[in-house]
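The values are calculated or read from the model by the stated rules, or taken from the named source; none is laboratory data. Please read these numbers as outputs of a predicted model, since none were measured by experiment. Reconstructed Cβ throughout: ideal geometry from the backbone, glycine too, with neighbour counts over all protein chains shown. Calculation scope for accessible area: heavy atoms of the full protein, side chains included, ligands and nucleic acids excluded. Shrake-Rupley method; radii C 1.70, N 1.55, O 1.52, S 1.80 Å.
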Amino acid sequence: MTADKPLGAVLTPAGVRFAVWSGAAECVWLCLFDAAGEQEIARHELTRGADGVFSAEVAGIEAGARYGFRADGPYDPDAGLWFDPQKLLVDPYAVEIDRPYAYNAALAARRGEGGDTAALMPKAVIAKPKNVRRAKPVFRPGGFIYELNVRGFTMRHPDVPEKLRGTIAALAHPTIIEHLQKLGVTAVELMPVTAWIDERHLPPLGLTNAWGYNPVTFMALDPRLAPGGLAELRETVAALRKAGIGTILDLVFNHTGESDRFGPTLSLRGLDERAYFRHFDGTLVNDTGTGNTIACDHPMMRRMVLDSLRHFVLHAGVDGFRFDLAPVLGRTDRGFDPDAPLLKAMREDEVLADRILIAEPWDIGAGGYRLGNFGKEFLEWNDRYRDDVRRFWRGDPSAIGDLATRFAGSSDIFGHDGAAATRSVNFVAAHDGFSLADLVSYERKHNEANGEENRDGHNENFSWNNGAEGATDDPATSRARRRDALALLATLFASRGTVMLTAGDEFGRTQQGNNNAYAQDNGITWLDWANRDRAREDYVAALADLRERFPAFRKADFLSGDAAAGDGLHDVEWLTETGESMGQGDWENAERRRLTMMLAAGDRRRSRGAVTINGDRRAAIFALPQRAGWNWMMLLSPPESAARQVEDGAFLVQGRSVLFLEERRD
């Protein structure tokens with residue numbers, strides 16, 4: 001296929017040109033439907049080209065028309081061949097569909113047993129995408145990413161009009177933008193917004209997929225989130241950009257909702273499962289835990305991924321992408337390769353060259369944990385940061401050295417091959433796992449509502465409950481949990497690398513101990529705006545403001561301890577609470593819970609900043625080295641655990657808290 005012969009449905013002066021690829025189909029038909037998408041009104045057989053592209057130009061069709069495909073050929077599921085002309089298939093290149101996907105057992109019926117599925121399927125809608133005026137991304141590494149679930153974010157927001165709640169358009173509402181600006185967010189990361197289907201075990205349980213990590217079509221937005229189609233996303237991205245906030249899309253190119261051999265036939269499976277999905281000895285590979293794995297090394301699949309990314313940049317203006325289970329993008333028959341064709345093409349593509357690329361660097365396949373291996377163009381979710389910070393504040397022994405390494409940018413992970421800067425996306429909680437409030441309120445997961453007898457979700461969360469499991473009326477326990485949550489937040493914002501916070505963690509959201517709430521499209525995942533902890537929210541805003549005002553906190557360079565040229569100040573010094581340099585014995589002390597990180601500001605003022613960490617439950621006096629003509633001033637301490645100065649250069653820091661200070665001239 002040449003660049004002027006794109007796949008999908010493309011408007012022409014005479015009508016519409018339709019094109020779809022299959023390497024194994026014998027026949028492919030275009031099915032046209034009425035305006036309601038209910039009745040098939042015409043069927044055209046497509047012509048197969050030598051490159052496997054089936055195409056036809058149909059006159060008299062305009063934007064807004066509904067269509068689908070049917071394909072026929074050998075039926076041999078054991079060989080990855082699922083051709084069944086009774087299965088209506090959604091165009092893999094559809095940019096709009098007329099209704100959400102809904103699971104029905106007939107969609108998974110074997111050939112000749114389930115009847116025609118047209119009434120059960122969305123229809124692709126012919127659209128005329130509008131190019132946007134491209135601008136450089138608002139977000140830059142070292143910024144503040146705010147991860148959010150589009151539906152759950154505004155479903156209970158009292159100031160958002162009811163008709164907008166749960167949609168992409170709601171993110172452009174002035175109240176929402178005001179909240180994001182207050183927090184200092186530099187980019188929102190939208191959990192999947194492309195069209196998905198429920199896993200087949202959910203409908204019998206009365207549950208639905210609330211997260212969207214089960215896609216079918218990669219370019220079409222889910223109508224539940226974007227009833228206004230691509231224009232809704234484009235306009236929201238523009239409104240956020242005007243407010244100084246970028247937009248990152250969380251995309252799933254590792255599997256589709258067609259699942260394993262017992263799953264539904266919706267699109268790629270019915271066109272050519274053998275080509276679009278990875279197989280081993282005729283069996284679907286399951287490197288994703290969802291039943292199938294996209295064959296990202298196949299030329300047509302590689303093209304589809306790249307076309308999808310370009311689509312969202314050129315027609316919606318997004319700043320970049322986060323890739324779920326990203327090792328799948330680099331998998332070949334030999335395993336993961338950081339220079340696999342798709343990853344290499346993404347790095348070299350001129351449309352994507354200035355976009356933000358973020359990898360979730362693990363899948364469940366062999367050799368699937370690839371943290372630190374995606375190359376300089378990719379930021380990476382750092383679960384080592386998450387776990388080490390949790391371990392320190394939980395009180396695990398021998399955690400002080402790992403904490404310092406995470407503060408300094410995780411050079412042990414990202415510093416190979418001569419790299420001088422971190423690519424770490426630091427987080428202590430994300431959509432997957434405990435919320436921040438639950439992290440300090442539950443020792444064990446409580447996923448009973450998911451209908452899997454609490455077997456799903458991670459078992460090791462490095463969490464603690466401060467003396468009571470779950471909800472409590474005890475004031476002392478509540479204060480302890482609040483104190484620990486603020487300490488975790490302060491640690492996050494003081495660390496080198498990009499900061500990521502999940503929506504609602506700034507004001508204490510809870511999922512009632514559920515650490516795998518993907519199927520809870522209800523009050524478990526809908527943010528409770530009416531009862532938010534506004535003092536905690538204000539503290540997060542203050543942390544983000546401090547980070548923005550002091551570049552030493554958001555620089556990407558690894559902290560090394562070296563003296564900077566010109567002023568002789570070390571970029572970092574690690575001190576005990578007495579103000580002395582940490583010695584080997586201090587680092588090896590398994591019970592050490594206190595540390596000061598002193599940073600050179602690196603600006604013309606030649607000043608220094610300091611972060612004191614008191615992980616002990618007892619208050620302690622922290623002393624800081626003093627220079628003639630300079631004084632240490634407190635910048636920020638947590639509410640209800642406020643530090644106080646006891647003498648020049650010495651501060652009483654409450655237990656389980658973090659204090660920020662700055663050196664200023666007399």
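Note on the stretch 311-407: antiparallel DSSP beta bridges, both residues inside, total approximately 30 percent of the bridges counted. Each Cα pair under 8 Å and six or more residues apart adds its sequence gap; the mean of these over the residue count of the stretch 53-155 is a relative contact order of 28 percent. 3J(HN,Hα) along the stretch 347-352, derived from phi through the Karplus expression 6.51 cos²θ - 1.76 cosθ + 1.60 where θ = phi - 60°, amounts to 5, 9, 5, 5, 6, 9 Hz, with x in place of Gly and Pro. State the label only: which of (i) 0.95; (ii) 1.02; (iii) 1.23 corresponds to Cα Rg over 2.2 N^0.38 Å computed from the shown model? Read-out taken from this structure: (ii).
Restricting attention to the chain, the count of lysine pairs at 8 or more positions apart or across chains with alpha carbons under 29 Å apart stands at 29. Treating each Cα of the stretch 142-245 as one equal point scatterer and applying the Debye formula with no solvent, the log10 of I(q)/I(0) at q = 0.24 Å⁻¹ comes out as -1.36. Of the heavy-atom accessible surface of the chain (probe 1.4 angstrom), what whole percent is carbon and sulfur? Taking all protein chains in place, the chain shows 48 percent carbon and sulfur surface.
How high is the FRET efficiency from LEU11 to GLU162, r the C-beta distance, R0 35 Å, rounded to 0.05? Before the final figure, lay out each step's value.
Working: r = 35 Å, r/R0 = 1.01.
It comes to 0.50.
Within the stretch 325-452, the proportion of C-alpha pairs whose separation exceeds 26 Å stands at 33%. Ligands, DNA and RNA aside, GLU96 has an accessible area near 70 Å² when probed at 1.4 Å.
Above 13 Å lies some portion of the pair distances; for the stretch 12-58, what is it as a whole percent of all C-alpha pairs? Mind showing how you got there, number by number?
Numbers: 629 of 1081 pairs.
Roughly 58 percent, once rounded to a whole number.
In this simple spin-label model, placing a label point 7 Å from the Cα along the Cα-to-Cβ direction at both ASP412 and ASN522 gives a separation of 4.2 nm. Distant-in-sequence amide contacts of THR194, defined by a placed amide H-H separation under 5 Å and a gap of 5 or more residues or a different chain, comprise ASP222.
Dipole size in debye (nearest 20) for the stretch 576-647 around its Cα centre, Lys and Arg Cβ +1, Asp and Glu Cβ -1?
Details: 11 positive and 9 negative charges, 69 e Å.
Once rounded to the nearest 20, the dipole reads 340 debye.
Express the relative contact order of the stretch 481-546 as a whole percentage, based on alpha carbon pairs under 8 Å and six or more residues apart in sequence. Before the final figure, lay out the partial values.
Numbers: 31 pairs, mean separation 26.3, N = 66.
Reported relative contact order: 40 percent.
The DSSP beta bridges internal to the chain are antiparallel in roughly 75% of cases.
Could you give the accessible area per residue of the chain, probe 1.4 Å, as a whole number in Å²? Walk me through the intermediate numbers first.
Values: 25100 Å² over 666 residues.
Accessible surface, normalised per residue, equals 38 Å².
What length, rounded to one decimal in nm, is gained on full extension from ASP562 through to LEU314, with 0.36 nm per residue of separation minus their alpha-carbon distance?
Numbers: separation 248, 0.36 × 248 = 89.28 nm, distance 4.34 nm.
So the extension gain works out to 84.9 nm.
Computed 3J(HN,Hα) for the stretch 651-663, one whole-Hz value per residue from the Karplus formula 6.51 cos²θ - 1.76 cosθ + 1.60 where θ = phi - 60°, is 9, 7, 10, 5, x, 6, 8, 10, 10, 9, 9, 9, 8, glycine and proline marked x. Computed from Cα atoms, the angle from the helix 534-549 axis to the main principal axis of the chain rounds to 80 degrees. For the stretch 633-661, the residues whose backbone nitrogen is under 19 Å from a point 7 Å from the Cα of ARG532, taken along Cα to Cβ, are 639. Proximity of backbone amide H atoms, modeled 1.01 Å from N, is registered between SER657 and ASN614 at under 5 Å, excluding neighbours fewer than 5 places apart on the same chain. Based on C-alpha pairs under 8 angstrom that are at least 6 apart in sequence, the chain has a relative contact order of 11 percent.
Principal axis analysis of the Cα atoms in the stretch 1-130 yields extents of 42, 35, 23 Å, listed in decreasing size.
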